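Down below is the structure, laid out as structure tokens.
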Amino acid sequence: LRARIAESKVVGADETGAKVDGKKKWMWTWQDAKTTFIAASPNRGYNTIQENFPGGFPNSIIVSDCWKPLSVSHCGTSTLYSTPDEGAQLFSATL
């Protein structure tokens with residue numbers, strides 16, 4: 001799943017907090033038009049991205065809310081879309 005997403009033309013990425021066994025975790029999600037990968041992490045930082053996608057997304061357009069660790073992970077990314085309308089239009093166009 002990770003390899004497919006890492007090579008996708010368009011990748012959606014986001015994270016949100018959730019309790020797991022009573023402890024705060026961060027649920028990270030990366031997806032393309034057909035695949036979703038979710039990882040639970042004790043942190044909300046760049047290390048989680050590096051652990052799951054060490055090569056980053058050099059050939060991808062990233063759709064995100066521009067949380068700083070997500071922005072740092074796209075070095076080499078051609079475009080970063082931050083509004084729901086921009087991202088939804090682009091994501092729909094790739095289906």
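No value in this document is a laboratory result; all are computed from the given coordinates. Predicted model only: the values in this text are computed from it and were never measured. Note that we place each Cβ from the backbone using ideal geometry, even for glycine, and neighbour counts take in every protein chain shown.
Brief remarks follow.
- Relative packing of 49-59, 12-22, which averages over residues the other C-beta atoms within 10 Å, highest first: 49-59, 12-22
- Here's the list of lysines a cross-link from Lys24 could span, going by alpha-carbon distance under 26 Å and ignoring same-chain residues fewer than 8 apart: Lys68.
- Compared with the alpha-carbon gap, the fully stretched path from Asn59 to Ser41 is longer by 4.0 nm at 0.36 nm per residue.
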